[in-house]
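> Submitted below is the structure of interest, expressed as structure tokens.
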Amino acid sequence: RKEVEQDPGPFNVPEGATVAFNCTYSNSASQSFFWYRQDCRKEPKLLMSVYSSGNEDGRFTAQLNRASQYISLLIRDSKLSDSATYLCVVNIPFRAGNMLTFGGGTRLMVKP
Amino acid sequence: GAVVSQHPSRVICKSGTSVKIECRSLDFQATTMFWYRQFPKQSLMLMATSNEGSKATYEQGVEKDKFLINHASLTLSTLTVTSAHPEDSSFYICSAIRTDPYGYTFGSGTRLTVV
């Protein structure tokens with residue numbers, strides 16, 4: 001079983017739609033959770049951290065359910081520029097520090 | 001702030017040659033850097049953890065003699081792909097941990113093509 005699992009998609013949605021992605025993680029020792037965005041042939045960029053109480057940043061809302069070990073990302077009022085791959089990332093304690101483990105990514109395509 | 005510079009951004013080399021990729025933290029000191037590899041339509045896979053002043057820690061399945069990592073200073077880690085083969089063609093990305101504030105910063109990646 002992969003440590004971080006995501007539906008690869010693609011999710012094809014029209015502009016203005018609301019879309020949600022889920023992610024599950026297997027290591028209960030995971031401490032921190034993030035959503036990264038990766039555009040084609042570019043490095044990942046932090047979209048938002050995910051807090052236990054849930055957090056919102058503009059059109060983006062992230063939720064964490066520790067009991068079920070899943071994370072979600074909700075995008076409202078989708079824009080064409082939201083088209084990208086969204087990576088669920090989990091910070092797992094290891095050896096001398098922490099390391100990021102990436103999900104396979106969920107591809108989003110927003111159409112006009 | 002918290003910029004990580006990765007160079008080169010793109011390289012094409014002949015099979016059998018070696019390629020060095022540099023990762024520099026420009027405005028902070030990074031005792032730990034990570035090297036990832038990403039094949040098309042796949043996620044980032046951790047190759048190794050680079051620790052300043054000590055040997056790198058390699059993930060299972062990554063050949064340490066093929067992917068040489070040197071972290072000689074607090075701002076520079078290098079990855080050398082030795083005797084490159086076409087199957088080594090991939091997108092290589094480094095990441096550094098900053099401590100204040102705590103977080104990860106990624107380099108812009110290096111697209112390696114071995115012909």
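The values are calculated or read from the model by the stated rules, or taken from the named source; none is laboratory data. Because the structure is a prediction, the values reported are computed rather than measured. A quick note on method: Cβ atoms are made from the backbone with ideal geometry, for glycine too, and the neighbour counts reach across all protein chains shown. Note: accessible area is taken over every heavy atom of the protein model, side chains too, but ligands, DNA and RNA are not part of it. Shrake-Rupley method; radii C 1.70, N 1.55, O 1.52, S 1.80 Å.
> Examine region B:46-53 for a residue that is facing chain A (nearest Cβ under 8 Å), over 20 Å from residue B:5 (Cβ atoms) and at pLDDT below 90, and state whether such a residue exists.
Yes; the residues of region B:46-53 include at least one that is facing chain A (nearest Cβ under 8 Å), over 20 Å from residue B:5 (Cβ atoms) and at pLDDT below 90.
> Please give the number of the condition residue A:105 fails out of (1) within 11 Å of chain B (Cβ to nearest Cβ); (2) more than 22 Å from residue A:5 (Cβ to Cβ); (3) among the small types (Gly, Ala, Ser).
Going through (1) within 11 Å of chain B (Cβ to nearest Cβ); (2) more than 22 Å from residue A:5 (Cβ to Cβ); (3) among the small types (Gly, Ala, Ser) one by one, residue A:105 breaks only (2).
> Looking only at strands (runs of 3 or more DSSP E) that fall completely inside chain B, which ones have 2 or more residues that are out of contact with any helix residue (DSSP H, G or I) (no Cβ under 6 Å at 6 or more places or on another chain) and of a type in the set (A, V, I, L, M, F, W, C)?
Those strands (runs of 3 or more DSSP E) span B:10-13, B:19-25, B:32-38, B:45-51, B:67-73, B:76-81, B:90-99.
> Determine whether region A:71-78 contains at least one residue that is under 29 Å from residue B:99 (Cβ atoms), hydrophobic (A, V, I, L, M, F, W, C) and touching a residue at least 24 places away in the same chain (Cβ under 8 Å).
yes
> Another question, then. If you check residue B:61 against the conditions, is it small (Gly, Ala, Ser) and within 14 Å of chain A (Cβ to nearest Cβ)?
When the stated conditions are applied, residue B:61 does not pass them.
> Which condition number in (1) within 14 Å of another protein chain (Cβ to nearest Cβ); (2) open to solvent by less than 80 Å² (accessible area, probe 1.4 Å) is the one that residue A:73 fails?
The failed condition is (1).
> Right, next: Counting only residues that are open to solvent by less than 50 Å² (accessible area, probe 1.4 Å), within 26 Å of residue B:15 (Cα to Cα) and touching a residue at least 60 places away in the same chain (Cβ under 8 Å), how many does region B:65-107 have?
Residues that pass the stated criteria total 8.
> If you don't mind, another one. Within region A:18-50, which residues are surrounded by 15 or more Cβ atoms within 10 Å (Cβ to Cβ), of a type in the set (A, V, I, L, M, F, W, C) and in contact (Cβ under 8 Å) with a residue 40 or more places away in the chain?
Passing the criteria: A:19, A:21, A:23, A:33, A:34, A:35.
> On to the next question. For the condition within 14 Å of chain B (Cβ to nearest Cβ), in contact with a Cys (Cβ under 8 Å, 6 or more places away or on another chain) and at negative phi, what is the one hit in A:4, A:89?
None of the other options fit; the residue is A:4.
> So which strands (runs of 3 or more DSSP E) stay within region A:19-112 end to end and still have 1 or more residues that are of a type in the set (Val, Ile, Thr)?
Here the list reads A:19-25, A:45-50, A:60-65, A:70-75, A:84-94, A:97-102, A:106-111.
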